[in-house]
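Notes for the one structure printed next.
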């Protein structure tokens with residue numbers, strides 16, 4: 001299954017393309033942020049204590065790492081367009097399963113939602129590298145950060161308010177609708193990309209572990225990874241244990257996302 005567009009095509013980065021790619025990033029961020037404060041409290045209620053929540057997030061995190069290594073191999077057999085669409089569908093199904101408020105719905109839903117992040121982020125990054133020229137990248141990045149920032153600014157509070165004023169499932173349905181809108185918008189863009197690699201038999205090209213030693217040998221890349229890891233770890237701790245503390249202390253879910 002080949003994708004449309006000439007092989008190796010690279011756009012000059014027209015303004016509408018920059019905004020379109022940034023909107024895709026913002027939509028993915030909004031879909032996640034709407035339920036980010038609800039999932040830990042739901043997990044805490046189903047599992048009974050914070051220790052169980054920690055174990056669950058650790059295991060789901062391992063599944064997320066495995067999925068991030070699996071995406072390059074998946075791109076060896078499926079088109080980039082298909083992998084992005086698959087990631088959006090997993091995000092949609094994941095939040096709906098979590099919204100069922102059952103143990104297995106929570107486990108399977110979190111696993112699907114985590115795997116969707118790898119599929120969407122990797123394919124979207126590939127599109128950006130091909131569709132946005134180096135000269136236009138300085139204009140694209142602030143737009144992308146702005147879209148993501150707005151999503152994470154309003155998403156957690158909006159999701160908590162909807163869950164409190166209406167029903168918790170309503171926030172998960174809204175997150176699923178955002179994921180669906182992201183998929184429809186992506187399909188409407190008809191982004192050009194190279195066809196599937198003709199050298200499928202060279203499976204080592206899809207194995208990122210091959211380049212791990214080269215990565216670790218470069219001090220700047222190690223520092224960049226360490227900073228990104230520390231930042232991600234801090235925010236994960238904040239978004240997981242902040243809502244649990246707020247709810248168990250009687251402060252409410254709104255306090256968890258406005259503290």
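The residues listed here are 59, 24; of these, the one that is free of Cβ contacts under 8 Å to residues at least 40 places away in the same chain, within 20 Å of the chain's Cα centre (by Cα) and either farther than 18 Å from residue 104 by Cβ or part of a helix (DSSP H, G or I) (or both) is 59. Among the conditions (1) within 19 Å of residue 23 (Cβ to Cβ); (2) touching a residue at least 60 places away in the same chain (Cβ under 8 Å); (3) under 15 Å from the mean Cα position of the chain (by Cα), residue 113 misses just one, which is (1). Among residues belonging to region 94-106 that are in contact (Cβ under 8 Å) with a residue 40 or more places away in the chain and touching a helix residue (DSSP H, G or I) at 6+ places or on another chain (Cβ under 7 Å), point out the one that is surrounded by the most Cβ atoms within 10 Å (Cβ to Cβ). It comes out as 95. Contact annotation: residue pairs with Cβ atoms under 7 Å, 6 or more positions apart or on different chains, pairing a residue in region 168-190 that is loosely packed, with under 14 Cβ neighbours inside 10 Å with a partner that is not in a helix (DSSP H, G or I), are 190/4. The set of residues from region 27-56 being out of contact with any helix residue (DSSP H, G or I) (no Cβ under 7 Å at 6 or more places or on another chain) and part of a helix (DSSP H, G or I) comprises 32, 45, 51, 52, 54, 55.
Computed from the coordinates by the stated procedures, all read-outs in this text should not be read as laboratory data. On a predicted model such as this, the values are computed, not experimentally measured, just so you know. FYI the Cβ positions are ideal-geometry reconstructions off the backbone, even for glycines, and counts take in every protein chain you see.
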